Amino acid sequence: MINELTEAQKLQIREFVTNNCANYCSEYGCNLFECECVMFLKHFAGYDICPYFRSALLPQSPELQKIFLK
């Protein structure tokens, strides 16, 4: 199932990643390059989420868990 992200959700995700992700660099973006950073997703299909984001960051935000773990 593909879920379209709202502008508010995109803003919330961008703010959360830029403030909390250890792999995010303001100059280059993601330092891992394993997958597209969740900040740049327009829609979410359940399988296209960064493994680091899923395991290290998502547990810190119940609000974002509601978006990504439906």
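The values are calculated or read from the model by the stated rules, or taken from the named source; none is laboratory data. All of these numbers come straight from a predicted model, not from anything done at the bench. Because the Cβ atoms are built from the backbone with ideal geometry, glycine has one as well, and the counts that use them run over all protein chains shown.
Below is a table of values for the structure above.
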item: Close pairs (9 angstrom Cβ cut-off, 6 or more residues apart or separate chains): exposed (fewer than 12 other Cβ atoms within 10 Å of the Cβ) in segment 37-60, modelled with pLDDT of 85 or more anywhere; result: Lys42/Lys10; Pro59/Gln65; Gln60/Phe16; Gln60/Asn20
item: Selection within segment 37-70 - modelled with pLDDT of 75 or more, in a loop (DSSP other than H, G, I, E, B) and farther than 16 Å from Gln9 by Cα; result: Cys50
item: Any pair with Cβ under 6 angstrom, 6 or more apart, that starts in segment 14-35 at a residue that is closer than 15 Å to Leu58 by Cα and ends at one that is surrounded by fewer than 14 Cβ atoms within 10 Å (Cβ to Cβ) and of a type outside the set (Ser, Thr, Tyr); result: Asn23/Asn31
